[in-house]
Amino acid sequence: MYMAPEIIIVPFIFSTFGFIVWVLVNGWQRRLQVRLLTDFNSRLLERIGSVKDFSEFLQTDGGAKFMDRVTAGGTPPDLRMAILRAVQTGIVLATLGIGLLVLAWKFTTSFPGDSQVFTVVGVIALSLGVGFLLSGGASYRLATGLQRLSDG
């Protein structure tokens, strides 16, 4: 009995729904974070009364970090986390893909029709994992290159 469509369709529906919810929640959180940061920065700039106060504020470590963040001259602090997240996702997806390909290889003799499903899903997961790993590596190289340019 060949039941490949049910094996693929049900997880696909749940994973698509979960992905849509994740995108919406992540977008909402980022929008809220940007709004709070913008409000904080504008309130801080409003509180600085004169050019002398602003100059004194810029001489501190916090003032330098503030100006770096406002002018987008430095590396955002969450860039490292984004690279780490891409590498982490890549490792998980690549491992999942390899595991599914091993299952497909094991099921070739026992259930010849069902091994195709594992092969297709395994190749897709492995391809996504390798893509995330390459993306994380490229982002890291770009970030370190840009950092060297801004320092030197």
- Query: When you go through GLY63, GLY113 one by one, which is the residue that is at pLDDT below 85, among the small types (Gly, Ala, Ser), in contact with a Phe, Trp or Tyr (Cβ under 7 Å, 6 or more places away or on another chain) and assigned by TED's automatic domain parsing to the domain that holds SER15?
  - Reply: GLY63
- Item | Yes/no for VAL92 being at pLDDT 85 or above, more than 30 Å from GLN147 (Cα to Cα), among the β-branched types (Val, Ile, Thr) and not assigned by TED's automatic domain parsing to the domain that holds LEU37 | no
- Within segment 111-151, how many residues are buried (at least 16 other Cβ atoms within 10 Å of the Cβ) and among the acidic types (Asp, Glu)? 1
- Task: Only residues that are in contact with a helix residue (DSSP H, G or I) (Cβ under 6 Å, 6 or more places away or on another chain), in contact (Cβ under 8 Å) with a residue 40 or more places away in the chain and of a type in the set (S, T, N, Q): list them for segment 102-143, please.
- Result: SER135, SER139
- When only residues in segment 26-65 that are loosely packed, with under 11 Cβ neighbours inside 10 Å and among the acidic types (Asp, Glu) count, which is farthest from ALA82 (Cα to Cα)? GLU46
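The values are calculated or read from the model by the stated rules, or taken from the named source; none is laboratory data. Since this is a predicted model, take the numbers as computed values, not measurements. Glycine gets a Cβ as well: all are built from the backbone with ideal geometry, and neighbour counts include every protein chain shown.
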